[in-house]
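Presented below is the structure to which this report refers.
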Amino acid sequence: MRLMWQPLQEDDYGRRNSFSSKWVYSLGMIALDVRRRKNSHRSRDLALQRMERLFLLAEEEHRSHPERSRRYVEIARRISTRTRVRMPFTLKKLYCRHCGSYLSPEGSRVRLRDGVLITTCIHCQGKMRRPYKPRRDQENERAEE
């Protein structure tokens, strides 16, 4: 936040104006709050790029260093919360919501049941349920049988 100093002005009756949203100092000056507009699109794109990169690193490091991959996921989640950028669904489904570990095919079990995709984390046994729609060709095959 940058402050800009301006002298107090008197109104027609010789009284100083009251500035409720500005700071008034004893020097007879007010500090106007001058805020710069942040380029939100650029910061949003940068946050998304960093989250994707961290998930790629987590995937590479998962077999040899599982704790390091967990840390990469934690950093990506922190970037998402601090920049207030939603994590894409493709990345959300790659980590356990209970323990925060990276869900690789070796570290998770996936089951399909009645329109619900159930992903079970091998590390903490936490279950994440997400709705899904079966493919049309699968529905047609079931109807024909």
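Per-residue extension of 0.36 nm, minus the Cα-Cα distance of ARG68 and ARG109, leaves a gain of 12.6 nm for this segment.
The orientation-averaged projected area of the convex hull spanned by the Cα atoms of the stretch 59-145 comes to 7.1 nm².
Computed from the coordinates by the stated procedures, all read-outs in this text should not be read as laboratory data. On a predicted model such as this, the values are computed, not experimentally measured, just so you know.
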